[in-house]
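As structure tokens, the structure follows; a few thoughts come after it.
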Amino acid sequence: MGRKQYFWNLLVCICFCLALLSCESTEEDPTPGGNNNPPDTNPPSSSIEGCQYPASEMLAATNPNIDNGSFKSTTGNPNVYQVFGYSFKVAFSGSVKELGIKVPETGVYTVRIYRKDPTDDQILAEADIEAFDDQWTYVNIDPLTLDPDDDYMTAIYFKTKAEGLETFFYSIAQFQYPQTYGDVTMVGYAVNSEIGEKVKPLAQDSDDPTLFNGFVDLCFEAE
């Protein structure tokens with residue numbers, strides 16, 4: 001082999017090696033741990049679109065034995081309010097856009113949302129709902145933003161009838177909390193009563209089976 005041919009072959013080999021090194025240098029270095037995907041910097045979000053109705057979904061899924069509870073004023077005072085509800089949490093940021101109830105007697109009932117904190121009596125949302133026997137009835141409200149780091153409470157108010165007549169409501173005995181449907185968890189029972197006032201219910205924190213009284217629901221939409 002001539003000197004020129006040898007020199008030419010050597011030059012081609014050097015160029016080929018330089019080209020390989022150049023290609024390798026343009027590749028991204030792998031991230032530690034062998035995962036070469038960029039980190040996800042976005043916060044987690046719900047996969048559920050549209051309204052979520054935890055109470056009605058729970059009833060449809062479990063098909064429990066529903067009883068009629070009742071109460072009446074023992075003093076003859078017709079201006080007594082009994083309030084039933086539950087504390088709840090949401091898994092993601094979002095808004096409540098509707099409130100709803102299911103009752104055994106046609107009438108107008110007040111529904112509210114509070115924070116669970118017993119020192120905070122602020123009413124976050126309120127609606128007076130005209131409902132009919134044994135039907136879920138919903139009304140729109142101004143959207144109420146909920147924070148997954150906070151605890152809330154929703155409740156329905158029943159007013160005593162005049163002349164000592166019984167006021168009826170729905171009840172499920174031996175109800176087991178918590179119950180999670182979609183992004184909403186019903187955490188625990190809440191109840192209270194007062195003459196002449198619609199007071200905030202008191203959360204009953206207990207691991208024992210309790211009651212689910214006065215069916216109140218909400219439309220929650222996650223962001």
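I'd like the residue in region 148-180 that is of a type in the set (D, E, K, R) and in contact (Cβ under 8 Å) with a residue 24 or more places away in the chain and, out of all such residues, is nearest to Phe71 (Cα to Cα). The selected residue is Glu166.
The set of residues in region 158-188 being hydroxyl-bearing (Ser, Thr, Tyr) and in contact with a Pro (Cβ under 9 Å, 6 or more places away or on another chain) consists of Thr160, Tyr170, Tyr177, Thr180, Tyr181, Thr185.
Only one of Tyr170, Tyr152 is closer than 19 Å to Lys72 by Cα, open to solvent by less than 40 Å² (accessible area, probe 1.4 Å) and hydroxyl-bearing (Ser, Thr, Tyr). Can you tell me which?
Tyr170
The lone criterion from (1) more than 20 Å from the chain's Cα centre (by Cα); (2) crowded, with 20+ Cβ neighbours inside 10 Å left unmet by Glu163 is number (2). Taking region 122-147 as the search range and keeping residues that are without any contact (Cβ under 8 Å) to a residue 40 or more places away in the chain and charged (D, E, K, R), which one is farthest from Gly50 (Cα to Cα)? Only one residue tops the list, namely Asp133.
Return a yes/no flag: does region 61-75 have any residue that is surrounded by 10 or more Cβ atoms within 10 Å (Cβ to Cβ), assigned to a helix (DSSP H, G or I) and at pLDDT 60 or above. Looking through region 61-75, at least one residue is surrounded by 10 or more Cβ atoms within 10 Å (Cβ to Cβ), assigned to a helix (DSSP H, G or I) and at pLDDT 60 or above.
The values are calculated or read from the model by the stated rules, or taken from the named source; none is laboratory data. Because the structure is predicted, anything quoted here is derived from the model rather than measured. Note that each Cβ is placed from the backbone with ideal geometry, even for glycine, and that neighbours are counted across all protein chains shown. With ligands, DNA and RNA removed, areas are computed over all heavy atoms of the protein, side chains included. Shrake-Rupley method; radii C 1.70, N 1.55, O 1.52, S 1.80 Å.
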